[in-house]
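The block underneath contains the structure these notes are about, expressed in structure tokens.
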Amino acid sequence: MKKISLLLSFVLLSSLQAKDVVYDTTTSLLWQDAPINKKASVTFKEATNYCKFLKIDKYANFRLPTLQELQTLIDYKNYKPAILDGFHYVENTTYWTTTPFADAEDEVWTIDFEKGARSTKAIYYDRHFRCVTKLH
């Protein structure tokens, strides 16, 4: 189902005429997919600020995803990276989410796209990130 959705996303993306993004028709989420998503590793605050000010073509209102949103990109049939086909810029490492870890106020949930595993990480260390926005 997700792969069909992703194929439809590329058709819709062509009509959107934007590059560096992937649109998921199932969730109506528009994901950043640019070289920075593979290269940059920053603190949680830096990633949050980057997404806040990001504009891609006519699209704005980007933010870091929640754990639930980022998990929709995992494809356990893939390994290194365990992400849906169609994403070009992904590192086999940990990506930030905005979902706080209930046990520690300075930790948030993350997704490691090597295997699609989730874990918690302190917000002070560098991790990768991928911005998202909701299309209506």
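No lab work stands behind these numbers, since they all come straight from the coordinates. Quantities reported herein were computed from a predicted structural model and do not represent experimental measurements. A quick note on method: Cβ atoms are made from the backbone with ideal geometry, for glycine too, and the neighbour counts reach across all protein chains shown.
Could you check the stretch 80-109 and list, in sequence order, the residues that are within 16 Å of Leu67 (Cβ to Cβ) and touching a residue at least 24 places away in the same chain (Cβ under 8 Å)?
Within the stretch 80-109, Ala82, Ile83, Thr94, Tyr95, Trp96, Thr97, Thr98, Thr99, Val108, Trp109 meet the criteria.
Pairs only if they're at least six apart or on different chains, beta carbon under 7 angstrom, first in the stretch 49-71 and closer than 11 Å to Gln32 by Cβ, second part of a helix (DSSP H, G or I); list them, first residue then second.
From residues that are closer than 11 Å to Gln32 by Cβ, the pairs are Phe62/Cys51; Arg63/Cys51; Arg63/Lys52; Leu64/Ala47; Leu64/Thr48; Leu64/Cys51.
Within the stretch 23-134, which strands (runs of 3 or more DSSP E) (wholly inside it) include 3 or more residues that are surrounded by 20 or more Cβ atoms within 10 Å (Cβ to Cβ) and of a type in the set (Lys, Arg)?
In the stretch 23-134, there are no strands (runs of 3 or more DSSP E) which contain 3 or more residues that are surrounded by 20 or more Cβ atoms within 10 Å (Cβ to Cβ) and of a type in the set (Lys, Arg).
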